[in-house]
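Asker: A single structure is presented below for examination.
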Amino acid sequence: MLVVEHLSAGYGKLTIIKDCNLIVRTGASVALLGPNGSGKTTLLRCISGLLKPFQGKIKFGDHDITYAESYKRALLGLILVPDINKVFKTLTVYENLTLVINALSIRDDKAQMQRILNFFPNLVPLLKRRAGSLSGGEQQLLALAMAFLAQPKLLLLDEPSAGLMPKLIKDIKAILQTFKKQGISMLIAEQQIAVIQNLADEIVIMRNGQIIHTDLSGVSITNDLIQQWYFGQAKSALGKGSDTV
């Protein structure tokens, strides 16, 4: 579904990510892990079209989207839920949802609105409230509802659990599990191991702007293991080699 080849990008003359290669297969959930400053957000911004790469190639299905505008990627089903500025805070919850319907020319808008409210019942009593007055967890629910309303084929999620209480993290994970069951592919940048346990099919580790990739199928994901990845010691921890791609 998504193929990233030899991607380098940054800001101005500063290179943040270097020669990154990544594949997200149809229906797969891929966790993108790494310490702060490792390049996770920059990579997601590049894939979503918010940042143009210095070099490399991005393919989504049969489309070369390397330099496509972000709205064109959204129309193809590539949707980003960013870590900040994820909702329009001066608009009401209902207006945020309506904005997605209008922007993407979604048919049967009333039916789609009802569908999304059935899926996110906690938003119903909040429809008339301005998004900026919502709690962090409520804003995240709204952001996920907006993304789901856009009928994504691939969701890019930048730290969906950031700043949330454990109970809300559990709720967010349940929603992501439902997305997965519906066949939505996901690339999830995360710091919380609890979010990706029993959700991610594959783990991608970023360090210093580069990707270290391994198949962790059947491996119990723990904080100790992830820390070993961060510091380049996973080979001994897993008992098998790792690939730098």
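Asker: Limited to the stretch 105-156, what total is found for residues that are at positive phi and among the charged types (D, E, K, R)?
Answerer: Residues meeting the conditions: 1.
Asker: Still on this structure, please answer the following. Hey, could you check the stretch 18-52 for residues that are touching an Asp or Glu at 6+ places or on another chain (Cβ under 6 Å) and in a helix (DSSP H, G or I) and say which is nearest to Asp224 (Cα to Cα)?
Answerer: Thr41
Asker: For the stretch 90-115: of the residues being at pLDDT 95 or above and part of a loop (DSSP other than H, G, I, E, B), which is nearest to Pro152 (Cα to Cα)?
Answerer: Among them, the one singled out is Leu91.
Asker: Among the residues of the stretch 1-32, count how many are aliphatic (A, V, I, L, M), touching a residue at least 60 places away in the same chain (Cβ under 8 Å) and in contact with a Lys or Arg (Cβ under 8 Å, 6 or more places away or on another chain).
Answerer: 3
Asker: For the stretch 2-57, how many residues are among the aliphatic types (A, V, I, L, M) and at positive phi?
Answerer: 0
Asker: Tally the residues that are over 21 Å from Gln139 (Cβ atoms) and not β-branched (Val, Ile, Thr), restricting the search to the stretch 95-111.
Answerer: Result for the stretch 95-111: 6.
Asker: Any idea which residue in the stretch 50-98 is surrounded by the most Cβ atoms within 10 Å (Cβ to Cβ), counting only those that are more than 21 Å from Lys40 (Cα to Cα), in contact with a helix residue (DSSP H, G or I) (Cβ under 9 Å, 6 or more places away or on another chain) and touching a residue at least 40 places away in the same chain (Cβ under 8 Å)?
Answerer: Checking each candidate, the answer is Val93.
Asker: Looking at this structure, is Asn102 farther than 19 Å from Leu176 by Cβ, polar (S, T, N, Q) and surrounded by 19 or more Cβ atoms within 10 Å (Cβ to Cβ)?
Answerer: No; evaluated as a whole, the condition is false for this residue.
Asker: Considering the stretch 125-180 alone, what residues qualify as being polar (S, T, N, Q), closer than 19 Å to Leu199 by Cα and surrounded by 19 or more Cβ atoms within 10 Å (Cβ to Cβ)?
Answerer: Gln140, Ser161
Asker: On the basis of being closer than 17 Å to Val3 by Cα and either part of a helix (DSSP H, G or I) or touching a strand residue (DSSP E or B) at 6+ places or on another chain (Cβ under 9 Å) (or both), does Thr66 make the cut?
Answerer: Criteria met by Thr66.
The values are calculated or read from the model by the stated rules, or taken from the named source; none is laboratory data. For clarity, every value in this text was computed on a predicted model and none was experimentally measured. With ideal geometry, Cβ positions are generated from the backbone for all residues, glycine too; neighbour counts draw on all protein chains shown.
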